[in-house]
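Presented below is the structure to which this report refers.
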Amino acid sequence: MSQITLLTGDRRRTWTDAQKLAILDEAFGGGVIVAEVARRYEISTGLLYTWRRKVMHARSEGGFVQAVVVDGAKAVGAGLERGPAIVIELPQGARVTISADTPVDLVTATLRALR
């Protein structure tokens with residue numbers, strides 16, 4: 001004889017944007033396995049990748065990002081005494097610094113690569 005299990009009620013959970021971003025940071029922050037994070041939160045790995053795709057799409061559409069103006073090159077880091085600079089901080093801690101005397105071709109290539 002076979003057994004049938006009937007599940008009643010709504011299993012669907014809702015996640016706030018802040019919760020989704022925290023889970024994504026944990027899952028894709030490096031050094032972890034996405035499937036383990038998904039198991040921990042009892043969600044599918046497909047849902048994690050869907051959330052990530054939506055975040056990446058929203059970021060690629062452009063818009064404004066926070067800009068911080070720092071007085072003096074010493075506050076940003078050593079080696080920037082050549083003049084004003086643009087410092088672009090990327091996810092995962094990477095940083096790109098473009099000084100005022102950087103050739104235009106190099107700046108253009110760098111910014112295109114960051115897209």
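Key figures
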item	result
Failed criterion for residue 68 (all others in (1) within 21 Å of the chain's Cα centre (by Cα); (2) aliphatic (A, V, I, L, M); (3) at pLDDT 75 or above hold)	(3)
Test for residue 55: is it at pLDDT 65 or above, among the hydrophobic types (A, V, I, L, M, F, W, C) and touching an Asp or Glu at 6+ places or on another chain (Cβ under 6 Å)	no
Residues of the range 26-41 classified as of a type in the set (D, E, K, R) and either closer than 22 Å to residue 94 by Cα or at pLDDT below 90 (or both), total	1
Residues of the range 14-44 classified as part of a helix (DSSP H, G or I) and free of Cβ contacts under 8 Å to residues at least 12 places away in the same chain, total	11
Test for residue 16: is it polar (S, T, N, Q) and under 25 Å from residue 94 (Cα atoms)	no
Matching residues, the range 17-54, being at positive phi and surrounded by 12 or more Cβ atoms within 10 Å (Cβ to Cβ)	none
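The values are calculated or read from the model by the stated rules, or taken from the named source; none is laboratory data. Quick caveat, the model's predicted, so the values are computed rather than measured. Quick reminder, even Gly has a Cβ in these numbers, built from the backbone with ideal geometry, and neighbours come from all protein chains shown.
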